Structure formats: C-alpha cells, structure tokens
1. Answer yes if at least one residue in region 182-195 is over 19 Å from residue 46 (Cβ atoms) and aliphatic (A, V, I, L, M), and no otherwise.
2. Quickly run through region 219-243 and pick out the residues that are surrounded by fewer than 13 Cβ atoms within 10 Å (Cβ to Cβ) and either in a strand (DSSP E or B) or of a type in the set (D, E, K, R) (or both).
3. Show the residue pairs that are 6+ apart or on different chains and have beta-carbon atoms under 8 Å apart, the first residue being within region 102-130 and under 25 Å from residue 162 (Cα atoms) and in contact (Cβ under 8 Å) with a residue 40 or more places away in the chain, the second being among the hydroxyl-bearing types (Ser, Thr, Tyr) and not in a loop (DSSP other than H, G, I, E, B).
4. Would you confirm, using the coordinates I've provided, whether residue 146 is outside any loop (DSSP other than H, G, I, E, B) and modelled with pLDDT of 95 or more?
5. Scan region 200-213 residue by residue and report those that are part of a strand (DSSP E or B) and among the β-branched types (Val, Ile, Thr).
6. Please give the number of the condition residue 197 fails out of (1) part of a helix (DSSP H, G or I); (2) out of contact with any Cys (no Cβ under 9 Å at 6 or more places or on another chain); (3) surrounded by fewer than 21 Cβ atoms within 10 Å (Cβ to Cβ); (4) of a type outside the set (Lys, Arg).
7. Whether any residue in region 72-80 is closer than 14 Å to residue 141 by Cβ and under 21 Å from the mean Cα position of the chain (by Cα) is what I want to check.
8. Within region 43-74, track down each residue that is touching a residue at least 60 places away in the same chain (Cβ under 8 Å) and buried (at least 16 other Cβ atoms within 10 Å of the Cβ).
Amino acid sequence: MIEIHNLSMSYGSRQVLHNINLNIEKGSFNIVVGGNGAGKSTFINLLGSLLSADSGEIILDKQPLHKYKRTDKAKKIALLKQENKLDLNITVKDLVSFGRFPHSKGSLTKMDHEIIEHYMQKTATDEYAHRPINQLSGGQRQRAFLAMILAQQTDVILLDEPLASLDLKHSVEFVSLLKEICTTENRTVVMIVHDINIATMFADQIIALKDGHVRACGCISNVMNKSCLSDIFGVEFEVTNIDERLICFVK
C-alpha cells in the first residue's frame with residue numbers, strides 16, 4: 001500500500017503540488033488524469049523518487065519511501081518515463097535484461113533469463129528480440145521498455161503517459177496487458193493517461209489533478225461525471241452509459 005500525506009512540491013516560486021493526501025491500495029490499477037500543467041508528471045516522479053518533495057511524506061508498505069536503500073527501492077518500484085531516450089546501440093533483449101539488474105547485479109542466472117523470456121513473450125517483443133533499439137518504431141520501443149520494467153518484478157509500476165507513441169489498437173493492448181499483470185501478479189499500477197475513456201475501461205481508482213490539487217479521487221463513477229470532468233478540464237462534457245461502461249466526450 002502507498003500512503004501519501006500532505007505532499008507538496010515547488011519549482012522555484014511556482015508551487016505545482018499542494019498538500020496531496022491519498023491512498024493507493026496494493027494490487028490496484030490507478031489512472032491519473034488532468035490537463036496540462038496539473039502536476040501529473042511531478043506526482044509520478046515523486047512516487048518514483050526522481051524528485052524530492054518540499055514537504056509531506058510517501059509511505060510504501062508502512063515504511064517512509066526516503067528510508068529505503070536505493071537497491072531495495074529498485075526492487076519495489078519501477079518507472080517508465082514519458083520519454084525514454086537511449087543512445088546505446090543494444091538489442092531489445094539486452095534492454096529487457098536491464099530490468100533484472102536490481103536482482104542480479106549484472107550476473108544473470110538461469111532464473112533471470114527465464115523471467116526475461118517470459119515478459120518478452122508477454123509483450124510480444126520476442127518477435128524482434130535481436131533487433132537494435134534504435135531501429136524500432138516508437139510503439140515497438142515502448143513495448144520493449146514495458147518488458148524491461150515488467151522483468152524488474154517490482155510491487156509498484158509507475159508510467160508517465162506511456163500511450164503517447166501508440167495507436168488506438170496498441171494502446172488498448174498495452175493497458176490490457178498491464179491490467180492483467182496487475183490482477184494476476186498483485187502489482188500496483190499508477191499510470192498517467194490523456195484518454196479518459198481508457199481510464200473508464202480499466203481503472204480501479206482515478207486520481208484527477210487540477211492546478212496541483214486533487215480535485216477528485218475514487219472509483220470511476222465518482223470521477224467520471226459531467227460536473228467533475230468539466231471542472232478538471234475546463235470544457236463541457238457529456239457522459240453516457242453504453243453496455244455498462246461510461247463513455248465521456250466533449251459537448
């Protein structure tokens with residue numbers, strides 16, 4: 001479980017997060033939504049320890065996040081950033097192998113290789129395992145990085161807009177796989193997306209940010225309503241129910 005208490009963050013004189021308080025249950029699938037500048041990426045980067053908060057605390061499994069050793073933290077949390085630039089001329093399989101480093105320290109065991117193969121098959125990256133990363137399309141690269149963080153076998157998976165380079169078909173496949181992993185392996189997922197209808201398809205909990213504040217947090221029906229969406233995004237929305245699923249669109 002992740003507990004977040006009074007979390008605040010500023011860049012110079014500009015405060016980007018204001019006293020965030022919320023809980024993220026173990027094994028849950030959480031989607032963060034909000035407009036540009038809402039503080040979504042800062043929030044994810046704080047959860048991943050890429051940034052340090054001005055005040056407040058993040059508790060992971062009853063221990064403050066800042067008290068974890070770096071090696072232990074790498075076994076607990078994996079983060080897929082919005083842009084994954086890699087200048088090394090390595091193959092997809094080499095990249096996925098990096099996910100085992102917190103466990104193997106660079107000396108891969110038979111079990112490590114089995115885990116790598118498993119998640120490459122899961123993500124269908126085994127089809128181009130020996131191709132160099134720099135020769136892949138944006139979508140193929142993103143799936144390769146997903147295989148890497150899955151192979152890391154952390155309790156928590158953080159993703160900052162992972163669907164940006166994927167078309168609709170591959171976006172749904174990507175999130176469906178994450179949801180499956182979350183359910184079958186009891187992992188916690190926290191993911192930023194811009195497509196709110198992806199959120200209604202998959203989320204256990206939606207965290208809606210606006211101007212650095214949590215404007216709404218909870219199950220789909222609590223957040224995906226006309227008044228809440230209009231407040232968060234600043235445009236009028238309509239919400240309809242089709243086959244017991246909420247569909248949201250701009251009015």
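The values are calculated or read from the model by the stated rules, or taken from the named source; none is laboratory data. Treat the numbers as computed from the prediction; the structure is a model and nothing was measured. With ideal geometry, Cβ positions are generated from the backbone for all residues, glycine too; neighbour counts draw on all protein chains shown.
1. Step one: of region 182-195, the residues over 19 Å from residue 46 (Cβ atoms) are 182-187, 194-195.
Subset that is aliphatic (A, V, I, L, M): none.
There is no residue in region 182-195 that is over 19 Å from residue 46 (Cβ atoms) and aliphatic (A, V, I, L, M).
2. Within region 219-243, the first condition is being surrounded by fewer than 13 Cβ atoms within 10 Å (Cβ to Cβ), and the residues that meet it are 219, 221, 227, 234-236, 238, 240-243.
Scanning region 219-243 gives 236, 238, 240, 241, 242, 243.
3. 102/71
4. Details: outside any loop (DSSP other than H, G, I, E, B): yes; modelled with pLDDT of 95 or more: no.
No: the conditions fail for residue 146.
5. Looking only at region 200-213, we keep the residues that are part of a strand (DSSP E or B), and these are 205-210, 213.
Across region 200-213, the qualifying residues are 206, 207.
6. For residue 197, the failing item is (2).
7. Quick first cut of region 72-80, residues closer than 14 Å to residue 141 by Cβ only: 80.
Restricting the remaining residues to those that are under 21 Å from the mean Cα position of the chain (by Cα) gives 80.
Among the residues of region 72-80, at least one is closer than 14 Å to residue 141 by Cβ and under 21 Å from the mean Cα position of the chain (by Cα), which makes the answer yes.
8. Of everything in region 43-74, those that are touching a residue at least 60 places away in the same chain (Cβ under 8 Å) and buried (at least 16 other Cβ atoms within 10 Å of the Cβ) turn out to be 43, 44, 45, 47, 48, 60, 74.
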